[in-house]
Amino acid sequence: MELYNLKHPDQKVSFTEAVKLGLGRDRGLFFPTVIPVLDDVEALLAMPFVERSKHVLGAWLAQELGQEMVDSLVEKAFNFDLPLVKADDKRYCLELFHGPTLAFKDFGARFMAQCLNSLATEDKITILTATSGDTGAAVADAFYGLDKIQVVVMYPQGKISLLQEKMFTTLGENIHTVAVESDFDACQDLVKAAFEDADVRDGLHLNSANSINISRLLAQICYYFEAVAQFKREHKGDPVIAVPSGNFGNLTAGLFAKAMGLPIKRFVAATNSNDTVPRYLTDGQWQPHKTVATMSNAMDVAEPSNWPRVEAIVEAMGWELNAITGVALSEADTDKALKQLQQGGYLSEPHAAIAAEALSLTMNHDEQGIFLGTAHPAKFKDVVESVLGIELPLPAELQAVADKPILSVAMQPSFSALKAHLLATLG
């Protein structure tokens, strides 16, 4: 598999190199020179999830890694359920929160961990990643206890739910966490700055587990195939898919799936008040505003770093950008969407509720759609209980960390401070 740097197309790398580097020169994202198209999608949709995923990822990776290694990576990473659950007559939720950290990020993080563990040759690797909520837990769980890999997770202090925070800040050992006194965009900027600093990048063999890493995106392609496979068992038409969107890696994976031949009618990019993309899709002006804190905090991203990949896929496939529908919901709209889902018998959380409402606002009368359930409702226990007036029991995964102490270091959004901390702790 060959990839090139979207900012510097002359920089070309293999999949193995892209996984290890994370970012290209000048913070450029790696993008495949060729998007493979699958021959018999209908036959693939009849397969079980793990077997199908071997074929889907093999189309990208088998030539470089060998199909046997691809099969092994898939078997080790994808070992939990992802049911498509009916919310009402027109909407279904693909529940992606049945993995070890109760969030969709488990798919990409576990696959990336297996890739690095299998492909890395350096004496040590440092994973540096920013999270607006669920990435931190998924990455920490996926890499916890791996001998050659240290992990540093940065997150905006006070801007993620306490239970989200506890899932990755209580582990210790090779998992290090930094609470940045700012927002997610500041955390993301610090990650990018670290990759540009030779002392940090080369001295610590730096890598990132954010959705900027191509291995995570490829893994996420697989669950779009599963969503459509389950949908097609009951419906003849193609689904509209609404994606709760923050950094836009999730939508990028969906577009790759469609480009490979998966029958998806169209996509809805659903955001909260951080509406850079919906505004851009309407007026063509890229004008990020200051990040706004919302109850759907994992989507509190004003400058989504994966957006250049979205535009690159659209250009490569000859699609129109306006084929993606952008919808932004206010806090009041999110509150209302959560209540409507509950009244219909489906218990959700803010991010999925935004995507569910975006479906309702954009589907035609003859369409049916899928919205992605990206996290277990209990990960947003305070919000869900407050909005719905209910008491949520904690699943075992959250009960296990609820009373553990947080081990994070608090830090101002300063790269010099981060550099000093990283070199002192890991150098």
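General observations
- Residue ID - modelled with the lowest pLDDT, chosen from residues in region 130-153 that are open to solvent by less than 30 Å² (accessible area, probe 1.4 Å) and more than 20 Å from Asn297 (Cα to Cα): Ile149
- Against the test of being surrounded by fewer than 18 Cβ atoms within 10 Å (Cβ to Cβ), closer than 26 Å to Ala138 by Cα and in contact (Cβ under 8 Å) with a residue 24 or more places away in the chain, the options Gly427, Gly373 yield a single qualifying residue, Gly427.
- Looking across region 162-176, just one residue is more than 28 Å from Glu385 (Cα to Cα), touching a strand residue (DSSP E or B) at 6+ places or on another chain (Cβ under 6 Å) and not in a strand (DSSP E or B), and that is Asn174.
- For Gln230, the stated conditions do not hold, so it cannot be described as open to solvent by 20 Å² or more (accessible area, probe 1.4 Å), in a loop (DSSP other than H, G, I, E, B) and not hydroxyl-bearing (Ser, Thr, Tyr).
- Across region 18-65, the qualifying residues are those that are aromatic (Phe, Trp, Tyr) and within 22 Å of Met317 (Cβ to Cβ), and the one among them that is surrounded by the most Cβ atoms within 10 Å (Cβ to Cβ) is Phe30.
- Some residue of region 154-161 being open to solvent by 10 Å² or more (accessible area, probe 1.4 Å) and not in a loop (DSSP other than H, G, I, E, B): no
- When region 332-370 is filtered for residues that are over 17 Å from Ser273 (Cα atoms), free of Cβ contacts under 8 Å to residues at least 40 places away in the same chain and either polar (S, T, N, Q) or part of a helix (DSSP H, G or I) (or both), the ones remaining, listed by number, are Gln340, Gln343, Asn364.
- Within region 110-129, the residues that satisfy the criterion of being at pLDDT 90 or above and aliphatic (A, V, I, L, M) are Met112, Ala113, Ile127, Leu128.
One line per residue, one yes/no per condition, for (1) modelled with pLDDT under 95; (2) out of contact with any His (no Cβ under 8 Å at 6 or more places or on another chain); (3) over 16 Å from Gln164 (Cα atoms); (4) small (Gly, Ala, Ser):
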| site | (1), (2), (3), (4) |
| --- | --- |
| Gly326 | no, yes, yes, yes |
| Glu357 | no, yes, yes, no |
| Glu367 | no, yes, yes, no |
| Asp403 | yes, yes, no, no |
| Val409 | no, no, yes, no |
| Lys419 | no, yes, yes, no |
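- Only one of the listed residues (Ala142, Ala137) is of a type in the set (A, V, I, L, M), touching a strand residue (DSSP E or B) at 6+ places or on another chain (Cβ under 8 Å) and not in a strand (DSSP E or B). That residue is Ala137.
Listed here are the residues, each with its yes/no results for (1) over 25 Å from Leu128 (Cβ atoms); (2) of a type in the set (Asp, Glu).
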position	(1), (2)
Ala355	yes, no
Asp366	yes, yes
Thr374	no, no
Glu385	yes, yes
Asp403	yes, yes
Ile406	no, no
Ala410	no, no
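- Number of residues in region 162-181 that are open to solvent by less than 40 Å² (accessible area, probe 1.4 Å) and on the phi > 0 side of the Ramachandran plot: the value is 1.
- Residues within region 186-201 that are modelled with pLDDT of 90 or more and either part of a helix (DSSP H, G or I) or crowded, with 19+ Cβ neighbours inside 10 Å (or both), tallied: 11
- No other residue among Val13, Val19 is of a type in the set (Val, Ile, Thr), more than 30 Å from Pro239 (Cα to Cα), touching a helix residue (DSSP H, G or I) at 6+ places or on another chain (Cβ under 8 Å) and not in a strand (DSSP E or B) apart from Val19.
- Selection from region 290-326 of residues that are aliphatic (A, V, I, L, M), open to solvent by 20 Å² or more (accessible area, probe 1.4 Å), touching a strand residue (DSSP E or B) at 6+ places or on another chain (Cβ under 9 Å) and under 26 Å from Thr129 (Cβ atoms): Ala293, Ala298
- If you go through region 299-331 and keep only what is part of a helix (DSSP H, G or I), within 20 Å of Asp185 (Cβ to Cβ) and either out of contact with any Phe, Trp or Tyr (no Cβ under 9 Å at 6 or more places or on another chain) or aromatic (Phe, Trp, Tyr) (or both), you end up with Met299, Trp307, Glu311, Glu331.
- Complete set of residues in region 371-427 that are of a type in the set (Lys, Arg) and not in a helix (DSSP H, G or I): Lys404
- Any hit, region 242-264, residues being aromatic (Phe, Trp, Tyr) and within 25 Å of His289 (Cα to Cα): yes
- Of the criteria (1) under 22 Å from the mean Cα position of the chain (by Cα); (2) farther than 30 Å from Lys232 by Cβ, which one Arg309 fails: (2)
The values are calculated or read from the model by the stated rules, or taken from the named source; none is laboratory data. Only a predicted model underlies this, so the values are computations on that prediction, with no experimental measurement involved. Note: ideal-geometry Cβ built from the backbone for every residue, glycine included; neighbour counts use all protein chains shown. The area values use the complete protein model at the heavy-atom level, side chains included, leaving out ligands, DNA and RNA. Shrake-Rupley method; radii C 1.70, N 1.55, O 1.52, S 1.80 Å.
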